[in-house]
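Quick note: the coordinates plus some simple rules give every number you see, no bench work behind them. All values derive from a computational prediction rather than experimental measurement. Cβ placement follows ideal geometry from the backbone for every residue including glycine, while neighbour counts extend to all protein chains displayed.
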Amino acid sequence: MSEITITAEVRKDLGKKAKKLLRTGMIPGIYYGHGQKNIPIAMGELTLQPLYRSSATNIINLKLDDGSMHACILRDVQFDPVTDKPIHFDLFGLSENEELTIEVPISVVGTAKGVKDGGILQHIIHRLRVSCLPKNIPDRIEVNVESLEVNKSIHVRELNIPNVKVLENENSTVVAVVPPTVLKEAEVVPGAVPAEAAPAEPEVITKGKKVEEGAEEAVKESAGTKGAAPPEKKSSA
């Protein structure tokens, strides 16, 4: 487990003074732990950056301006939704004999055999939740994929992490190699004209013709009725 030493100052002005603090380039934070007193602190943005940009898990030796030292880990960082700059951070104090729950990054090592054969590597789980003593926290969990073939995968249960209790579902897939996606082209019949290239048939307008024919028949019937002789009257006996 790698360690990093940083310095910070104890905050005395709390509450709304946090915004003023941010304008000076200092980031407000809090140090806390089981059975320990919460300590509001602040540190420069450049000091904080290596803690949340690191791809490994580090134990932080926190040195405060009051002369105290604290072993801790970075628990959380909050970012401004507009500027994406850090606006608050949490440091969790460690106890030598107390297990803690932490997420450890997973890194993929090597080039999978299935990728060389044309497959695609899918890295599904990037961080693994584990429980262990502070001294057993791994920097990262390395997963070697060199022997992984197409349609094969590595699951959580196959990871070997000494002195660590894994809290994820053992059947979850960590990494897999899947076959490439192949788009099937439509079959082309020799001599056939593509649908988009075929000329459109002219539209035949028949509605007017039918109306005219119907009108002509109506006129004929009307004329025949007018020229017909009235029915003969029956003579009375």
Worksheet item: What number, in percent, do you get for the relative contact order of the range 102-178 if the mean sequence gap of Cα pairs under 8 Å and at least 6 apart is divided by its residue count?
Response: 42 percent
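Rank these for me by crowding, 65, 90, going from fewest to most other beta carbons within 10 Å.
If I rank by nearby Cβ atoms, fewest first, I get 65, 90.
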Worksheet item: According to a simple spin-label model (label point 7 Å from Cα along Cα-to-Cβ), what is the distance in nm between residue 142 and residue 96?
Response: 3.0 nm
Practice prompt. Please name which of 176, 118, 128 has its Cα lying farthest along the dipole of the range 102-178 towards the positive end, using unit charges on Cβ (Lys, Arg +1; Asp, Glu -1) and the Cα centre as origin.
Written response: 128
Discussion item. What does the charge count around residue 136 come to, taking other residues whose C-beta lies under 11 Å from its C-beta (Lys +1, Arg +1, Asp -1, Glu -1)?
Written reply: +1
Discussion item. Placing +1 on the Cβ of each Lys and Arg and -1 on the Cβ of each Asp and Glu in the range 2-95, which of 34, 82, 92 has its Cα farthest towards the positive end of the resulting dipole?
Written reply: 82
Item to complete: Based solely on C-alpha atoms, express the radius of gyration and the Dmax of the range 102-178 in angstrom.
Response: 12.9, 42
Worksheet item: If we restrict to alpha carbons, what Rg and Dmax does the range 2-95 come to, in Å?
Response: 12.6, 37
Item to complete: Evaluate E = 1/(1 + (r/R0)^6) for residue 161 and residue 113, where r is the Cβ-Cβ distance and R0 equals 30 Å; express this FRET efficiency to the nearest 0.05.
Response: 0.80
Item to complete: Please compute the net charge surrounding residue 154, taking Lys and Arg as +1 and Asp and Glu as -1 over other residues with Cβ under 15 Å from its Cβ.
Response: -3
Item to complete: Note the full-extension length gain between residue 5 and residue 173 as 0.36 nm times their separation in residues minus their Cα-Cα distance, in nm to one decimal.
Response: 56.9 nm
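Multiply the residue gap between residue 53 and residue 149 by 0.36 nm, knock off their C-alpha separation, and tell me the result in nm, one decimal place.
Difference between extended and current length: 31.3 nm.
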Discussion item. Checking the table 17/37; 63/165; 19/63; 20/85; 135/165 against a 19 Å threshold on Cα-Cα, which pairs fail?
Written reply: 17/37; 63/165; 19/63
